[in-house]
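One structure is given here, and the rest of the page talks about it.
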Amino acid sequence: MTTGVRRRLGVEERRQQLIGVALELFSRRSPDEVSIDEIASAAGISRPLVYHYFPGKLSLYEAALKRASEDLAGRFVEPPEGPLGARLLRVMRRFFDFVDEHGPGFSALMRGGPAVGSTATNALIDSVRQAAYVQILSHLKVESPPARLELVIRSWISLAESTALIWLDGRRIPRAELEVQLVHDFAALAAVSAAHDEEMGALLRRMLKDEPADGPFEDLVARLITLAS
């Protein structure tokens with residue numbers, strides 16, 4: 001007969017366990033509402049032992065945020081194959097998967113939470129936005145973006161964040177509709193910019209050239225034509 005022996009976790013294993021536990025709790029409630037005692041209880045250790053691995057809740061929150069930010073940045077990675085509209089739609093679905101999984105934590109971070117304003121937190125948020133920006137540029141096959149294109153992409157990333165926050169506040173609009181709408185928003189922002197700049201006009205024509213009739217970009221065109229008729 002064998003007896004169950006509880007294996008003692010190494011330092012890094014325990015740190016990763018605590019980060020995972022914190023992320024799970026932050027995904028259900030705002031980090032402000034989660035105590036160190038709750039994290040310790042969920043991890044099956046004492047409160048003093050949590051402080052042995054992290055100086056305080058802020059440092060644990062920042063570590064959890066780092067893991068979450070790496071996860072979120074990875075969701076913008078998409079193979080550069082197929083129509084752009086379909087690629088962006090898949091990215092938006094994965095983005096909303098993340099928002100859905102980490103709702104309270106995502107909301108607290110963007111609206112103001114325990115680590116907001118710290119240098120480490122701001123750097124992590126900016127790193128996610130930059131990763132998204134670089135990925136969109138790669139999909140457009142642009143290495144040196146003109147100022148108007150940078151404005152379009154960064155404005156769209158901010159719009160995606162705001163849309164997700166509004167959706168979390170009651171989820172009054174079907175998620176799938178918002179995912180498509182955000183892809184439409186990208187095309188609309190690019191089209192408005194193209195109306196003012198020939199370089200953007202050429203980029204927009206290239207974007208639309210290989211879009212299928214049943215793709216999200218063509219769907220937007222059809223909707224606009226219906227409105228104008």
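Observations on the structure shown:
- Under the convention that each Lys and Arg Cβ holds +1 and each Asp and Glu Cβ holds -1, the size of the dipole of the range 127-218 around its Cα centre is about 200 debye.
- Backbone amide hydrogens, once placed in the peptide plane, bring HIS102 within less than 5 Å of nothing, excluding anything fewer than 5 places away on its chain.
- Only the Cβ atoms of Lys and Arg (+1) and of Asp and Glu (-1) were treated as charged; on that basis the dipole of the chain about its Cα centre amounts to roughly 760 debye.
- The C-alpha atoms of the chain define a longest principal axis, and helix 57-74 lies at about 40 degrees to it.
- The range 21-82 - charge dipole about Cα centre, Lys and Arg +1 at Cβ, Asp and Glu -1, debye rounded to 20: 220 debye
- Rolling a 1.4 Å probe over the protein heavy atoms of the range 120-229, with every protein chain left in place, gives an accessible area that is 58 percent carbon and sulfur.
- Alpha-carbon Debye profile of the range 121-205, log10 I(q)/I(0) at 0.14, 0.17, 0.20, 0.26 Å⁻¹: -0.54, -0.77, -0.98, -1.29
- ³J(HN,Hα) computed for each position of the range 169-186 - Karplus, 6.51 cos²θ - 1.76 cosθ + 1.60, integer Hz, glycine/proline x: 7, x, 6, 7, 10, x, 4, 4, 5, 5, 4, 5, 4, 5, 5, 4, 4, 4
- Legend: calculated FRET efficiency, ALA120 to HIS196, from the Cβ-Cβ distance at R0 = 41 Å, rounded to 0.05, equals 0.60.
- Residue range of the chain that is longest and free of GluC sites (Glu not before Pro) which are both DSSP loop and sparsely packed (at most 12 other C-beta within 10 Å): 144-229
- Cross-link reach is defined here as a Cα-Cα straight distance under 24 Å, omitting same-chain residues fewer than 8 places apart; for LYS141 the lysines meeting it are LYS209.
- 1.4 Å probe accessible area per residue over the range 6-58, in Å²: 59 Å²
- Across all C-alpha atoms in the chain, the radius of gyration and Dmax reach 21.4, 80 Å.
The values are calculated or read from the model by the stated rules, or taken from the named source; none is laboratory data. In this text the structure is predicted, and so the values were computed from the model without any measurement. Cβ: placed from backbone, ideal geometry, glycine included. Neighbour counts: every protein chain shown. When the accessible area is computed, the model is the full protein with side chains, heavy atoms only, and any ligands, DNA or RNA have been set aside. Shrake-Rupley method; radii C 1.70, N 1.55, O 1.52, S 1.80 Å.
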